[in-house]
Amino acid sequence: MDYLLHVMILALIYSVFAMSLNLELGYAGLYNFGHVAFFGIGAYVSALLSHAGVPVSAAMICALAAAGITGALLAVPALRVSGDYFGIATLVFAEMFRLVCLNERWLTKGPMGLPGIPRPAWIAPGVEGMPAYLLFAFLAAVGTFVFIRRLTGSPFGRALKVIREDEHMAQAFGKNILLFKVKAIVAGSVLAGWAGTLWAHYISYISPADFTLTETILVLLCVVLGGRGTNWGPVVGAIAVVFFGEAVRFLPIPPALTRYVAPLQGIIYGGILVVIMMKMPNGMIPEHRRKNT
Amino acid sequence: MLRIQNVTKAFGALMAVHGVSLEIGDTGVTGLVGPNGSGKSTLFHLITGFYRLDQGDIFFGPHSIGRLPPHEISRLGLIRSFQHTRPLPFMTVIDNLIAAAPGQTGELIWPLFLKPARVRREENNLHEKARGILRLLDLLPLADELAGRLSYGQQKLMELGRILMAGPRMILLDEPTAGINPTLIRRLVEVLHRLCEQGIQIFLIEHNMPLVAKLCQHVFVMDSGELIFSGTPKQAREEPRVIEAYLGRENHAA
Amino acid sequence: MSYYLQLLLNGVIAGSVYALFAVGLTLVYGVFRFINFAHAELISWGAYLTLMFSSPPVSWPLCLAVIPAVLLTAFIGFSQDWFIYRPLRRGSPITLLIASIGLSYMLRNVLRLIWGSDLMTFSLPLARGFEFSGYYVTGIQLLMLAAALLFLMILYLLLTKSLMGKSLRATADNLELAAIMGVSMPKVSAVVWTLASVFAAAGGILLALDTNLEPMMGVANLIKAFAAVLLGGAGNVWGALLGGLFIGIAENLGVAFFSPGYKDFVSFAVIFLLLLFRPRGIFGLLTGVR
Amino acid sequence: MLLEVNRITAGYGHAPILEEISLGVETGEIVCVIGPNGAGKSTVLRTVAGQLTPCAGWVRYAGEDITRLGIAERGRRGLMFIPQGMNIFPNLTVRENLEIAGLLISGKQARQQAIRETLDHYPIIGRKKDLYARDLSGGERQLLALSRTRILRPRLVVLDEPSLGLAPLLVNLIFDEIVGLTRLGVSILLVEQNARKALSISHRGYVLELGRNRLTGTGSQLLQNDEVQRLYLGGEPADEANAMS
């Protein structure tokens, strides 16, 4: 039973992470392939602070702030380029982050990672705390959803879509597109940090190996499979990806073949990404019935 | 209202605009004409900040706008259209218009949560303003229609509606009648006249010379990046330099 | 002093291989204006296929095993374009980019499925080191340098002397005009993808000879190749070559100043700085050929 | 009739730009198409060249219906298109530009021979044969684009505004060259902004307005006809009324 709880908590955390990427990729049209870095910053900052004795809730808030500030620091330079180049710049930023975590042993304990990250005070550690953490993760996901829906349903969200479709027209109508994009990235980074802290305090052990290109592809898959530029898309995508990923454990696989499970999963994830791009680029919940993609 | 002083812009060796100076007061509708490749569109891009000036300066009312980015120029009331307009197909017509309104408090993140009432009020006002403009353009019945389903002519009128939502004091139109049937041209001309009555200046690039003659009180003619004539359309027709710019010189033995 | 020269030598050797990767990547970008993430898998598959043909049950000698490996990799490269990128070419560029990321991840995992994730080597006899006037170079490294220069020379001859090479450069310059003049697009794209795959596979094999094989080798080198492409100015073949050498040298010299763990940091930093200040590249200005 | 365009209707997506346009070119003739901007001149050319498929009407060339034929196929049949603006390969040398131009010639010797002849015929670009085309001046670039005609010896050359962006004396040079091409037995269909210049070298001319045939006649007839000038610059009220109809 508690395995099901684990999968549901993971799905909720991943839906927050997917929603945060969707704000940038779906609404603002920014191909941010380095989003996992902010997920990592959220995790590491709150883990390190709580190790230093800071109460968990305070550590989480600081983690959000750290993710937001790094988001702004990345946004201002990276937005000088667009499209493919922006995608490459952000992907490189994420790899830089992972390399720093690997090599700054004094801070992050390098490849050994950070064990024993405490849970928030009102949640018991270990298995007994799982139902409470599920509630916490659920509230967090709902809160994120409401925040993003308020943002995207507002004139701010409408302006983002105008900028995504036609930057020249947006400028001609007095929109400072750079400012809008930076705000979108900072908001996205803060929420990614939020997902990061949720994950760190749940899993209680993090290491640089948790923030690789694979995670970037996973969250990209959630957003693209679910439906870019919609509110429910990333949530549906995250649930689908996480449940598919964890359901494999229930399959009766003889021990000899277990080493084939992870690669097979990878092939399926990559394959779905390609098929979606070819067959239904708007994902399961298309943004709207428009002819051109 | 708009003053251009000795403006120059070159792309590598090509001198797209060379030492152009002109001034537009409150004349109503002013035309900018000239053969292909004479630098008309380049001049428009320079005025609205999409290209950076090499030399010279541009003034809009008291402000020097030569070095400003496009969105700040637009905030001063100098709004432009594009030759190949693209409506936002997945938004309704009315949303297309409201999206064009500048300085909405709802576009800043924090008021959405701290001052929701003000955002809602502003949104309603914009709705009213947009409906008023659609009524002016006889597009009101299409208000809630998806912009993608409009005909090409209707999309051109909606483009004008978007420009009006941005609160213009001067409108720069880049070939507004390109690819439109004559009946729609007449409607566009009526709307432009009504805008002039409201004191909005119009500066347009247009190839349909008979239309320019009928619509514009004043016209500037450009050829190969230089301003070669300024006066009324009627004078322009007789001016040898203008005729030569359009029809070319014949001094070539067959 | 000789310590730095040794690093410089290592840099030139590594750089010549990065140039092979970068040249292939920039050829595709020059003609199709798109960065192919799955280029990484052409690198790793080239190496692994050579391993397959040179180990039991086939166990051909290395120089023989290379041929089917490179041919098969060329087939993979060509089918990437034929089955996935060509239909997507009309869509928005982002669908092409995400598709290439998905494809790269898929191919990498097929590799892990067949050969597993742990390090492998060609298990060559211990490479005898040559030592001349104080600098230490292994036989394989010399082979790498020679092979890389040979490949780049072939490319130079192809692009400047053969008609197909010129048609390829013409297509990169002005696609519409090339079509008007009768350049056949299917032929050009077949040549571009074959060249890119062969160069990537060759680089992958050379690299694997010197170090070892692991599924992630492709991705690690893709980012280095991209740094070289950017340095040379996207689409500029000779710029990519110089860019590759620059990255190789910068990485190896860098080891003298900061910990080896940050070796990859060099190409990351190069990409970041270039993207922000000089997206058109530096070497692009020096050499003209696209 | 070497080329016959019959009641073509064509456009890009929304409103059609051309409506029932017809024109013809006899062998050895220079025919020009003029008209104010937005009249659809370039669209006619792109339809004849094969870059644009018309939604109605047909195009016959040398007795064969080529309405749906691809560009390269038309090139092989001797119908050559020189587009407006960027019509050379900047990052290839002048000689390499000519080699690509000669692609449609089968046989290496024939191609090299044609290129050598062309380089001798045009000393201006012959001297610069190993320079990159991007280093050529505007006039030299247009001459390089035109020299393709001498290599392929097509039957019909379709030229889109050759004088665009060129200084007046260079325009004369280019037009002399265009007239020179007819001595090779090449017929020419020319769209030109510089109406008077085009009419002065054309046997026949077509005047388009807002996508429709408006006037036609010999070069000299149209030169005298002041209706042409009124079309460009707008004329007496009578004329304006119908422009608005």
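The values are calculated or read from the model by the stated rules, or taken from the named source; none is laboratory data. Model, not experiment: these values are computed from the prediction. Cβ coordinates were reconstructed from backbone atoms using ideal geometry, including for glycine residues, and neighbour counts include every protein chain displayed. Side chains included, ligands, DNA and RNA excluded: accessible areas come from the protein's heavy atoms. Shrake-Rupley method; radii C 1.70, N 1.55, O 1.52, S 1.80 Å.
Some points to look at:
- List D:THR216, C:THR171, ordered by accessible area with a 1.4 Å probe, largest first: D:THR216, C:THR171
- When the surface is traced with a 1.4 Å probe over the full set of protein chains, B:GLU23 keeps roughly 120 Å² accessible.
- For the range A:2-211, accessible area per residue (1.4 Å probe, heavy atoms of protein chains only), Å²: 33
- Pairs of Lys residues in chain A that lie 8 or more places apart, or on two chains, and have C-alpha atoms under 18 angstrom apart add up to 6.
- 0 to 90° range, to nearest 10: angle between helix B:116-136 axis and chain B longest Cα axis: 50
- Separation of the range D:47-72 and the range C:8-53, taken as the distance between their Cα centroids, equals 43 angstrom.
- For the chain pair B and D, the buried solvent-accessible surface (1.4 Å probe, both sides summed) amounts to about 2700 Å².
- Once the C-beta distance of C:ARG33 and C:ARG278 is scaled by a Förster radius of 30 Å, the resulting FRET efficiency is 0.95 to the nearest 0.05.
- In this rough spin-label picture, where each label sits 7 Å from Cα along the Cβ direction, the D:ASN172-C:LEU142 distance is 6.9 nm.
- Entry note, the range B:58-216: relative contact order of 29 percent, from Cα contacts under 8 Å with a spacing of 6+ residues.
- Candidates A:LEU73, A:LEU107, A:LEU257: whichever shows maximal mean-square fluctuation once chain A is modelled as a Gaussian network with Cα springs under 10 Å: A:LEU257
- When the surface is traced with a 1.4 Å probe over the full set of protein chains, D:LEU119 keeps roughly 20 Å² accessible.
- Interface area, C with A, accessible, probe 1.4 Å, both sides summed, Å² nearest 100: 3900
- Converting phi to 3J(HN,Hα) with the Karplus coefficients 6.51, -1.76 and 1.60 and the offset θ = phi - 60°, the range B:31-42 yields x, 10, 10, x, x, 4, x, 8, x, 4, 4, 4 Hz in sequence order, with x at every glycine or proline.
- Summed over both chains, the accessible area lost when B and A associate is about 2700 Å², using a 1.4 Å probe.
- Rounded Å value of the spacing that divides the Cα centres of the range B:179-193 and the range B:26-88: 23
- Computed FRET value (nearest 0.05) for B:ARG86 with D:ARG183, which takes r as the C-beta separation and R₀ as 56 Å: 0.70
- Inter-chain neighbour count for B:27-40: the average number of beta-carbon atoms from partner chains within 10 Å of each residue's beta-carbon is 2.
- Of the residues B:PRO141, B:PRO87, B:PRO233, the one that moves most in a GNM of chain B with alpha-carbon contacts below 10 Å is B:PRO141.
- Here chain B has 51 percent of its accessible surface on carbon and sulfur atoms, given a 1.4 Å probe and all protein chains in place.
- Centroid-to-centroid, using Cα positions, the range C:216-238 and the range C:59-125 are 17 Å apart.
- Approximating the spin labels as points 7 Å out from Cα along Cα→Cβ, the C:MET185-to-C:TYR4 distance works out to 5.2 nm.
- Contact residues in the range C:172-210 by the 10 Å² criterion (accessible area, 1.4 Å probe, full protein complex versus chain alone): C:ASP173, C:ASN174, C:GLU176, C:LEU177, C:ALA179, C:ILE180, C:MET181, C:GLY182, C:VAL183.
- The 1.4 Å probe gives accessible areas that order A:TRP194, C:TRP45, A:TRP106, A:TRP122, largest first, as A:TRP106, A:TRP122, A:TRP194, C:TRP45.
- Residue list for the range B:160-198, given a label point 7 angstrom along the Cα-to-Cβ vector of B:GLU128 and an amide N cut-off under 20 Å: B:162, B:164-168
- Largest first, the residues A:ARG249, B:ARG131 sort by 1.4 Å accessible area into A:ARG249, B:ARG131.
- Sequence-distant lysines (8 or more away, or on other chains) whose Cα lies within less than 21 Å of D:LYS108: C:LYS161, C:LYS166, C:LYS187, D:LYS129
- Pairwise Cα distances in the range C:52-175 exceed 18 Å for 74 percent of all pairs.
- Under the Karplus curve 6.51 cos²θ - 1.76 cosθ + 1.60, θ = phi - 60°, whole-Hz ³J(HN,Hα) for the range A:271-286, x wherever Gly or Pro sits: x, 4, 4, 5, 4, 4, 4, 7, 9, 9, x, 8, x, 5, 10, x
- Within straight-line cross-link reach of B:LYS40, lysines at Cα separation under 18 Å, skipping those fewer than 8 residues along the same chain: B:LYS9
- Within the range B:44-86: backbone nitrogen closer than 12 Å to the B:THR8 label point (7 Å, Cα to C-beta): B:54-57
- Residues considered: B:MET165, B:MET222, B:MET91. Largest GNM mean-square fluctuation over chain B, using C-alpha springs under 10 Å, is found at B:MET91.
- Residues of the range C:91-112 buried by at least 50 Å² of accessible area upon assembly of all protein chains, compared with the chain on its own (1.4 Å probe): C:ILE94, C:THR95, C:LEU97, C:ILE98, C:ILE101, C:TYR105, C:MET106.
- Where only DSSP H runs of four or more residues are counted, the protein assembly as shown gives -18000 deg cm²/dmol as its mean residue ellipticity at 222 nm, each run worth -39500 (n - 2.57).
- Estimated FRET transfer efficiency when R0 is 30 angstrom, pair B:ARG194-B:GLN235 (beta carbons, to 0.05): 0.65
- Accessible area (Å², 1.4 Å probe, nearest 10) - C:ASP210: 60
- Spin-label model distance (nm) - D:HIS121 vs A:HIS51, 7 Å beyond Cα toward Cβ: 7.9
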